[in-house]
Structures are given as structure tokens and as C-alpha cells.
1. What's the extension gain from Val198 to Glu432 if we count 0.36 nm per residue and subtract their Cα-Cα distance?
2. Consider all pairwise Cα distances in the stretch 275-483 and report the whole-number % of them above 25 Å.
3. Would you kindly work out the equivalent ellipsoid of the chain from its C-alpha gyration tensor and give its semi-axes, the square roots of five times the eigenvalues, largest first in whole Å?
4. Return the Rg/Rh ratio of the stretch 2-271 with Cα-based radii and a Kirkwood Rh.
5. What is the local net charge at Leu443, summed over the other residues whose Cβ is closer than 14 Å to its Cβ (Lys, Arg +1; Asp, Glu -1)?
6. Projected onto the charge dipole of the stretch 2-271 (+1 at Lys/Arg Cβ, -1 at Asp/Glu Cβ, origin at the Cα centre), which of Ala160, Asn205, Gly24 gives the Cα projection farthest towards the positive end?
7. For the chain, what does the relative contact order come out to in percent, with C-alpha contacts under 8 Å and a separation of six or more?
8. Arrange the peptides 295-306, 59-70, 261-272 so that the one whose residues have, on average, the most other Cβ atoms within 10 Å appears first.
Amino acid sequence: MKKLNRQNATSTTYPTKIMQFGEGNFLRAFIDWQINHLNRESDLNAGISIIRPIDYDAIPLLNEQDGLYSTVIRGIDESGKAIEKIEIIDCVNEEIAIYKNFDKYMALAESETIKVIFSNTTEAGIEFVDTDKLTDAPAKAFPAKLTQWLYKRFQHFNGAHSAGLIIIPCELIDYNGDKLKEILLQYCQLWQLEQGFVDWLEHANHFCSTLVDRIVTGFPRDEHQALQQKLGYQDNFMVTAEYFHLFVIQGPKAVEDVLCLKDTSLNIKVVDDIYPYKQRKVAILNGAHTAMVPLAYMAGLESVKETMSDELLSSYINKLIFTEIIPTLNLPKDELEAFAQDVIKRFENPYIHHQLMAISLNSMTKFHTRLVPQLLKYVEINNSVPPMIAHALAGQIFFYGGVRNDEKIALVDSDKWLTLFSATWQKFHAKEITIEQLVSAVLSANWHWGQDLTEVDGLAFAVTSALAKFIKSGVRTALNEALV
């Protein structure tokens with residue numbers, strides 16, 4: 001069987017227009033996959049130089065396959081059918097190990113064709129390390145490495161505005177573009193770089209904050225051999241991901257022009273503010289996950305897919321999303337509903353086996369950030385408590401009782417919450433406190449919620465009623481009654 005490379009596979013070579021910090025599965029199945037599509041359907045004509053920002057040799061360089069690799073995209077398409085699409089990505093020109101080829105990395109600063117920088121160095125990557133020096137080869141922190149490179153570019157092009165770049169970080173932190181720019185300016189101050197460079201950095205370059213969304217399941221270890229036999233070539237860099245993708249970029253119209261996004265089939269949006277899209281994702285996708293976990297698990301289910309195949313639980317999730325979450329969000333209703341339908345398809349994806357217990361980690365914090373804002377907004381709009389969210393909150397308390405069918409649940413959360421739940425449930429079982437007092441102990445935890453939720457009119461009653469039914473009759477009976 002032949003190895004996947006440019007000698008053995010049909011491929012196109014593109015001029016290097018993009019530099020990318022990070023070679024991991026996510027960037028290759030998200031950014032590079034999208035660039036590959038734009039090369040096919042537009043005039044982008046862009047190759048990528050990938051920079052490996054960390055000093056490790058455990059994973060070989062993509063250069064071993066001339067930058068080529070396969071993406072295996074699986075999921076449910078717009079027509080509701082399960083699909084699998086496999087394609088060879090050929091937009092990667094090289095991978096540079098920065099700790100071994102620092103000079104080669106810095107030489108890219110003189111490139112007239114590079115217009116865009118992408119990055120994903122993990123959330124910890126966008127950091128300021130005050131011991132980094134301009135003369136390090138390279139500096140430790142990713143923002144310091146980028147400052148070194150941009151300073152050389154500024155010098156080489158004599159501060160020309162046209163040498164500025166569109167810089168698009170994909171790290172999972174709020175307003176990542178703003179944060180990256182802020183740290184670069186800290187390095188300017190630390191290294192006492194001239195004001196001319198600071199002005200060029202601020203005015204000739206666009207730092208775009210982003211929202212990225214795609215489940216990348218990574219290297220298909222269990223089926224690698226079978227996939228290679230199916231494809232007829234050896235590929236040690238193949239990567240699997242879900243069908244859905246969303247890329248929201250906060251930036252100027254120049255982003256659309258440089259990336260040739262006009263009439264693209266890709267789910268890429270260039271917007272003035274990513275916040276409504278982040279709120280949409282957190283509330284609908286993450287909120288539904290958080291609501292689903294305790295109720296489905298306590299109803300005897302184990303995975304997201306299993307939950308969505310369960311008529312009762314899937315009805316609950318649909319009602320939660322469409323009648324209680326969507327009305328609280330600030331985007332056009334048709335856009336929100338389309339996104340929600342995509343979320344449901346993602347939950348139903350037959351190729352992804354997402355265990356409920358894996359999603360259950362730190363559920364109390366997740367409930368606070370993902371569902372409490374929608375709970376409060378719903379109360380404000382309707383002057384009543386949203387019943388599905390109230391059942392989700394009761395489900396949290398029921399789940400944190402720590403037992404399902406006489407078996408102990410491996411709860412993972414802050415020590416403060418685990419101690420509180422353990423103590424209050426013990427008191428309840430010993431009949432030292434009532435169910436109302438148990439619920440009140442949770443809702444009145446101002447240190448967590450930032451307010452006393454018992455003061456939300458009707459909430460304590462709704463949660464207590466749902467929890468009492470869970471304890472007496474089980475989750476399924478209670479949800480059946482709630483959904484009538």
C-alpha cells in the first residue's frame with residue numbers, strides 16, 4: 001500500500017498566504033479543511049505554513065506526507081441522512097518546528113504573500129511570560145513568538161501599512177483577538193519597542209475574535225487500518241470530525257475579501273460582534289447538554305445519542321430549546337431555530353458516542369453559566385417560571401444525591417458543592433430537613449449563583465415539586481406529566 005504524499009496522490013500546490021500556529025487535530029479538521037474548500041470553490045488559492053509552537057517530537061511532522069492528510073467527516077446532513085465524506089487536504093505546504101528551525105520561521109516574516117494568521121495553542125497558549133526576551137530563539141509564550149515575527153516584518157517592510165495582517169486566533173477564550181492583541185502590546189512595553197511599531201501593530205493589523213464550533217474526534221485509532229484499506233493508501237495523519245461546523249469571525253469586511261468568502265457554501269460568518277453567537281451556542285447547545293445529563297442519566301440512559309433516540313427525553317429537549325431557551329435570545333427567530341435544528345442533528349449523530357457522565361463534570365458551574373441567564377430572562381419576559389428549566393434544576397439536585405439504582409454516582413465538582421450536597425442529602429434522608437429545605441439550601445447558595453435564587457418568585461416551589469416527583473415516581477413519570 002502506497003504512502004499518502006504528493007508523488008502518489010493528485011494534489012495542487014498553492015502559494016503560501018497563511019501562517020498557522022498549531023498542527024493539532026482541531027485546526028486540521030476545522031481551519032485547514034475550510035481553506036481546502038475555499039481553494040476549490042473560490043479564488044483564494046492559499047497554501048499554509050504550519051508552525052509547531054511547542055518543542056516536542058512525539059508526533060512526526062506533516063512534512064512526512066508532504067503536508068497531505070485525509071479528513072473523515074461524519075454526521076447527519078441537511079436532509080437528515082447519515083453521511084461520511086472523506087477527502088485529501090492539500091493546502092498545507094509545510095510544517096516548521098519552531099524550536100529546531102527558528103530562522104526558517106522568522107524568514108516567513110519577509111513573505112509578501114502571507115496575509116492571514118490562524119492559531120490554536122490551547123486556552124493556556126495566550127499568555128504573558130515576563131521572562132521572555134526579544135532575542136530568544138524562540139521566546140516561550142505564543143504571543144511572544146508572534147511579537148518577534150511581527151517586529152521583524154515591520155522592520156523588513158519599513159512599517160508599510162500594506163504589510164499588515166489579519167490575525168485570527170481560535171483559542172477557546174472570550175474575545176480571543178482582543179486578548180492576544182493586549183498581550184502583544186505588553187511585550188512591546190516589556191521589550192521597549194519603538195512607538196512606530198506599536199502604531200503599526202494597532203492600525204495595520206486586524207485582530208479578530210472568534211467563535212469556533214465543531215466536534216473533532218481526532219485520529220481514528222480503532223478503525224485506522226480499516227480506513228486505510230478502504231482508501232487504498234497509508235495515512236498516519238487522518239483526522240475525523242462531525243459534519244457540522246460554524247466559524248464566526250468578529251472583524252471588518254476585509255476578512256471576507258481576503259478569504260474570498262462571497263457565496264461560500266461554508267458556515268462562516270463575519271460579524272461586528274460575536275457575543276450573540278456565543279450566547280446562542282452556550283444557551284442552546286451547551287444548555288441543552290447540561291439540562292439533558294442528570295435527567296437522562298437518572299432515567300437510565302448512558303449517552304447523548306441514546307437520549308435523543310428516547311422519545312420522552314428527546315421531546316423534553318425539544319420543548320426546552322424551542323419554548324424556553326430560544327425566546328430569551330437576541331437573534332432572529334428563524335436563525336435561532338435553524339441553529340437549534342443543527343444542534344439536534346449533532347446530538348443524534350450516529351458516529352459520535354458522547355457519554356453523559358463525561359459531560360457531567362462540574363455541572364453546577366455549567367448550569368450557572370448556561371441556563372440561569374435563560375431562566376431569569378424567561379421569568380422577566382413571561383412573569384412565570386420556565387417548567388423545563390425548573391425540571392433541569394431539580395434534575396441537578398436529584399443527580400447530586402449521588403445514587404442511581406442503589407449504585408453510587410462518581411460526582412465531579414468543586415469540594416464546596418460536593419460537601420453541601422452530601423450534607424443536605426444526608427439530613428434529608430435522616431428526616432432532619434424537609435425537601436423544601438433541601439432545595440432552599442441549593443438555591444440560596446449566593447456564593448455560587450451570585451444571588452439568592454429562592455427570591456425568584458415561584459422557582460423554589462417549581463423545583464421542589466419536580467424533585468418530589470422524581471423521588472416518589474422517577475424521572476420518566478415526572479417528565480411525562482410535565483410534557484402533557
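Every read-out reported here was derived from the displayed coordinates using simple, explicitly stated rules and does not represent laboratory data. Everything numeric here is computed off the predicted structure, so don't read it as measured data. Note: ideal-geometry Cβ built from the backbone for every residue, glycine included; neighbour counts use all protein chains shown.
1. Values: separation 234, 0.36 × 234 = 84.24 nm, distance 6.49 nm.
Gain on extension, Val198 to Glu432, equals 77.8 nm.
2. On the way: 7152 of 21736 pairs.
The proportion of pairs with Cα distances above 25 Å equals 33 percent.
3. Values: eigenvalues 409, 143, 87 Å².
Calculated on Cα positions only, the semi-axes equal 45, 27, 21 Å.
4. Working: Rg = 18.6 Å, Rh = 19.2 Å.
Here the Rg-to-Rh quotient is 0.97.
5. Numbers: positive: none; negative: Glu436, Asp452, Glu455, Asp457.
Within the 14 Å Cβ shell, the charges total -4.
6. Farthest along the dipole direction, towards plus: Gly24.
7. Working: 772 pairs, mean separation 61.9, N = 484.
In percent, rounded to a whole number, it is 13.
8. Working: 295-306: 20.4, 59-70: 18.7, 261-272: 14.0.
The most tightly packed comes first, giving 295-306, 59-70, 261-272.
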